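Following: one structure in structure tokens, then a few remarks.
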Amino acid sequence: MDQVTFRSDTVLSDVHLLIPNARHLMVRLNAAGQPVFVSRFKILQCSEGVCSLDGGQEGAGEQNETQTPPQSLVDEDGDLDVVRRPRESRTSEPDLRIRDRVNPTILSRGEATELQWVDEEEYSKDVIKIEHTMATPLEDVGKQVWRGAFLMADFILSQPELFKGSTALELGAGMGFTSLAMATVAKRVYCTDVGRDLLGMCQRNVALNRHLLESAGGEVKVRELDWMGDDFPSDAASEFGWSEEEIADLHDSTTVLIAADLCYDEDLTDSLFRTLYRMTSNLHQPSTIYLSIEKRLNFTIQHLDISCEAYDHFRRCLRDLGGLTDGKMRFSVESVETRFPQFFEYERVEQLELWKVTASFVSLKKREKPVIPVPLEGAPSPSTQ
Ligand SMILES: C[S@@+](CC[C@H](N)C(=O)[O-])C[C@H]1O[C@@H](n2cnc3c(N)ncnc32)[C@H](O)[C@@H]1O
């Protein structure tokens, strides 16, 4: 195979098309025989709300907080520095006008066991390196990285105090990009999804970024969690199964759940929301769920207008969760303003949204420990007052 072919039913994430100066280096075929590419996502340095490769000092006043491109895309006069394709890749051949031909170099085939190539950014603490596929059928969308993952990662990095030292659960983590960003501030991230091949790629991405995790002190555990099922597969049954200790730790310690770009199919969205209810009601502490979504608008004959049915369904599920009165759980839903700094280079389109759901128990749970104030040394105890 010397060329990647795009079938009519494949989807391609804009993230992979728009990486400035991207070198789409194909490194291997995954276990399913799909070409695997590697991308490096630089974490920009932010200063006073402006992010750039060098700390965002120059021209800081010209940027509005987030909607303008990062400094590295703007020249010294403030004009947009459009990244052009290399001259040799522009061609008049009709089949190549739309998209560059990808000439992959296959370095190895099958499951990778060790890091195969090194460059100057290999061990950089401000680069997240992700192996992914470039175009997939819908059932394999998790093998690409989506804009919602970037929005969520931006939010995490712009509000590290919210997540510092926490235990987090990511649902539908795909290639693990957001879990890795979370692990730069959180103590532990349970990074979950389904499919042995996908989870294998995700696990490898965790290994590729271990230098980042070692320096931050966070841990990412890649585990299987299917919204369609009720169980945590045990580690005896699957390579990505859960040990009893992990299940106990998840329930005892998790206070944050994240879900990036998971609502594109109504049945899946229903099962995601059932899982969110089940997870948060089984945790031993109140928790906060963050959900990112991209409203993908299409013209439909049915509506004779542009609409996004998946988004409308997501909003209905949010509304139902917020209105739930089952006597056990209470959920409050709010939209999060997305004008926080942009730590990664991607197009933060206005259709990208972030939602926050606070989950609390209506009555004190049996296993929930009441908070007993510890008297300060030397201070009179309540009984002696
Ligand atoms: C559009 S991708 C988003 C991946 C990643 N969060 C991102 O934004 O790059 C949707 C993800 O949901 C996962 N997913 C779909 N159905 C699922 C299920 N029943 N249980 C768990 N994950 C599921 C897919 O495998 C995929 O990784």
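The values are calculated or read from the model by the stated rules, or taken from the named source; none is laboratory data. These numbers were taken from a predicted model, which means no experiment stands behind them. Neighbour counts are summed over all protein chains in view; Cβ atoms, including those assigned to glycine, are modelled from backbone coordinates with ideal geometry. Just the protein is used for accessible areas: all its heavy atoms, side chains included, with ligands, DNA and RNA removed. Shrake-Rupley method; radii C 1.70, N 1.55, O 1.52, S 1.80 Å.
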Once phi is turned into ³J(HN,Hα) by the Karplus curve 6.51 cos²θ - 1.76 cosθ + 1.60 with θ = phi - 60°, what whole-Hz value does each residue of the range 169-181 show in order, with x for glycine and proline? 10, 9, 9, x, 6, x, 7, x, 4, 5, 4, 5, 4
Per the 1.4 Å probe, what fraction of the accessible area of the range 141-361, in percent, lies on carbon and sulfur atoms? 48 percent
So for the pair Glu239, Ile306, with labels modelled 7 Å out along Cα→Cβ, what separation do we get in nm? 4.3 nm
Given a 1.4 angstrom probe, what's the average accessible area per residue across the range 141-361, in square angstrom? 40 Å²
Go through 325-335, 206-216 and give me the packing order, highest mean Cβ count within 10 Å leading. 206-216, 325-335
What's the FRET efficiency of Glu266 with Glu347 using the Cβ-Cβ distance as r and R₀ = 25 Å, to the nearest 0.05? 0.40
Rotationally averaged projected area of the range 141-361 (alpha carbon convex hull; nm²): 12.5 nm²
Net charge over other residues, Cβ less than 9 angstrom from the Cβ of Glu219 (K, R count +1; D, E count -1): +3
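Efficiency by 1/(1 + (r/R0)^6): what FRET value for Lys328 and Lys164, r their Cβ-Cβ distance, R0 = 22 Å, to the nearest 0.05?
Details: r = 29 Å, r/R0 = 1.34.
Result of the calculation: an efficiency of 0.15.
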Taking the Cα-to-Cβ direction at Gln45 and at Arg339 and moving 7 Å from each Cα, how far apart do the two end points lie in nm? 2.6 nm
Rounded to the nearest 10 Å², what accessible area does Met228 show when all protein chains are kept and the probe is 1.4 Å? 120 Å²
So what's the gap between the Cα centers of the range 216-280 and the range 163-211, to the nearest angstrom? 11 Å
Here the range 127-138 yields Karplus 3J(HN,Hα) values (6.51, -1.76, 1.60; θ = phi - 60°; whole Hz; Gly and Pro given as x) of 10, 9, 9, 10, 8, 7, 9, 9, 8, 9, x, 3
Distance in nm between Ser124 and Phe361 label points, each 7 Å along Cα→Cβ, equals 4.7 nm
Name the long-range amide H neighbours of Asn30: under 5 Å, sequence gap of 5 or more, or other chain; modelled H, no Pro or chain starts. Val36
Mind listing the long-range amide H neighbours of Gly176? Cut-off is under 5 Å, sequence gap 5 or more, other chains count too, H placed in the peptide plane at 1.01 Å from N. none
Cross-link pairs beyond the 22 Å C-alpha cut-off, checked among Lys143/Lys356; Lys143/Lys221; Lys164/Lys328; Lys187/Lys295: Lys143/Lys356; Lys164/Lys328; Lys187/Lys295
Extension reserve of the Glu214-Leu12 stretch, reckoned as 0.36 nm per residue once the Cα distance is removed: 69.5 nm
Provide the per-residue ³J(HN,Hα) series for the range 316-328, in order, calculated from phi with Karplus coefficients 6.51, -1.76, 1.60 and θ = phi - 60°, each as a whole number of Hz, with x at glycine and proline positions. 5, 5, 4, 4, 5, 4, x, x, 5, 9, 9, x, 10
Please give the length that would be gained between Ala31 and Arg274 if that part of the chain were fully extended, namely 0.36 nm times their separation in residues minus their C-alpha to C-alpha distance (nm, one decimal). 84.4 nm
